[in-house]
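**Q** Got a structure for you, questions after.
Derivation of every value follows stated rules applied to the coordinates shown; laboratory data play no part. Computed from a predicted model, the values in this text were never measured in an experiment. Cβ atoms come from the backbone with ideal geometry, glycine included; neighbour counts cover every protein chain shown.
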Amino acid sequence: MLILMKSNASAEQLEAVASRVRELGLTPHPLQSSSRSVVGVTGERNGLDPAVFSALAGVSKVVRLSVPFKLAAREFHEDDTVVDVNGVTIGAGQKLCVMAGPCSFESEEQVLTIARTVKQAGATVMRGGLFKPRTSPFSFQGLHEDGVRIMQRAREETGLRFVTEALDERSLELVIEHADMIQIGARNMQNFTLLKKAGQSKKPVLLKRGMSATLEEWLTAADYVLSEGNPQVVLCERGIRTFATHTRNTLDLSVVPAVKELSHLPIIVDPSHGTGYRNYVPPMALAAVAAGADGIMVEVHNDPAQAKSDGAQSLFIEQFQQMMKQIPAVAEAVGRTL
Ligand code: PEP
Ligand code: MN
């Protein structure tokens, strides 16, 4: 951390800052530039809050030099983490993970039809919401408990693993009991109570990026799960809010290499929520693979026009099959396989 003093800061103010640094068990390194004094701070371990210095008299600015996240940081954990979703691995190796399924589980027939076709096309994990975080309380909220039996039936028949969203502590319990992976949605990325509860379970967690979260905030949110003793976190880029209106969100693919640089956690990309339009999904899924993602998550529906949520961004089954045929060539170009 660097503490920049104001140009008119007095020697007493500089000494007060240095002694506050010492009080905290850290070492101050006063430096004099031509226009002002700067105090370098060494010895910090656990995410020191810059605010402890910014309020001191004579301080102009505090600059953090290390990242605020710890357990998610590659700095402290060099090797890539591999997450195991009941035998389906995500991260490190060559193999890409494809998660596919409807936005919401709607009926047994719908889930089974989609499960059979995505499995046949090469997906290994099925997605689908039982508890839906809808913008309006009047929109379809999900099948809740009633969908659990349907999910179990589809799992038994296809052998697919299932990831579904937990909205709160009650739904989290159900997801932990019945699904293979817990999804924490964009709207809950900073629901720290929920993150801690997910961290206390042994189930892998899919942590979607908040719609206006920086990479730093996202990785620091991952620390909440990791710090409770659950090392199994997969990040999911799902688009962020920008001024652009041609897509539902702006899919930030540049975050993939940035995550790879700063973190050891696997990252997958969701171009369905990331674009909002089904025709944009296959090209952005291919781009995500090219960018180095460890997998993709896409919405697929057997009858998108009748979907109870996110029909416009759900791929037709044929579109999904076609996309799955295109992935291997791109994967191969970047040293991966499907
Ligand atoms: C979803 O995956 O269905 C979903 C609601 O996603 P997000 O949390 O990214 O909006
Ligand atoms: Mn959706």
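**Q** Beyond a 22 Å Cα-Cα separation, which of these cross-linked pairs lie in this structure: Lys70/Lys197; Lys132/Lys325; Lys196/Lys260; Lys203/Lys308; Lys95/Lys119; Lys119/Lys202?
**A** Details: Lys70/Lys197 19 Å; Lys132/Lys325 30 Å; Lys196/Lys260 24 Å; Lys203/Lys308 28 Å; Lys95/Lys119 16 Å; Lys119/Lys202 25 Å.
Correct reply: Lys132/Lys325; Lys196/Lys260; Lys203/Lys308; Lys119/Lys202.
**Q** Here's a follow-up. Taking the Cα atoms of region 93-191, report the difference between the largest and smallest coordinate on each principal axis, in whole Å and largest first.
**A** Taking max minus min along each principal axis of the Cα atoms, region 93-191 gives 35, 34, 24 Å.
**Q** How much net charge surrounds Lys208 when only other residues with a Cβ under 12 Å from its Cβ are counted (Lys, Arg +1; Asp, Glu -1)? Walk me through the numbers on the way to the answer.
**A** Numbers: positive: Arg127, Arg187, Arg209, Arg238; negative: Glu165, Glu237, Asp270.
Every neighbour counted, the sum reads +1.
**Q** Sequence-distant or interchain residues sharing an amide H contact under 5 Å with Ile267, placed H: which?
**A** Leu235, Asp294
**Q** Right, something else. Among residues other than Ala307 whose Cβ falls under 10 Å from its Cβ, what is the net charge (Lys/Arg +1, Asp/Glu -1)?
**A** -3
**Q** Then there is this: 5 Å is the cut-off here: which amide hydrogens, built 1.01 Å from N in the peptide plane, fall below it relative to Gln183, excluding neighbours closer than 5 in sequence?
**A** Those qualifying (amide H under 5 Å, at least 5 residues apart or on another chain) are Thr164, Glu165, Ala166, Leu206.
**Q** While we're on this one: I'd like the distance separating the alpha-carbon centroids of region 146-216 and region 268-338, in whole Å.
**A** 21 Å
**Q** Another question about this same structure. Distances longer than 16 Å among the Cα atoms of region 2-63: what percent of all pairs is that? Write down the numbers at each step before the final one.
**A** On the way: 629 of 1891 pairs.
Looking at region 2-63, the distances longer than 16 Å represent 33 percent of pairs.
**Q** Quick one: of the DSSP bridges fully inside the chain, what percent are antiparallel, nearest 5?
**A** 40 percent
**Q** Follow-up question, since we're still on this one. So what are the ³J(HN,Hα) numbers for region 322-332, from phi and the Karplus equation (6.51, -1.76, 1.60; θ = phi - 60°), rounded to whole Hz, Gly and Pro as x?
**A** 4, 4, 5, 6, 7, 4, x, 5, 5, 4, 4
**Q** Would you please give the residues with an amide H less than 5 Å from that of Gly239, counting only those at least 5 places away or on a separate chain, with H modeled from the backbone geometry?
**A** So Gly239 has HN proximity to Asp252.
**Q** Still on this structure: If the convex hull of the alpha-carbon atoms of region 83-333 is projected onto planes in all directions, what is the mean projected area in square nanometres?
**A** The orientation-averaged projected area of the Cα hull of region 83-333 comes to 12.0 nm².
**Q** Now, a different point. Evaluate the charge dipole of region 2-63 about its Cα centre and quote only its size in Debye, nearest 20, assuming +1 on the Cβ of each Lys and Arg and -1 on the Cβ of each Asp and Glu.
**A** So the magnitude is around 140 debye.
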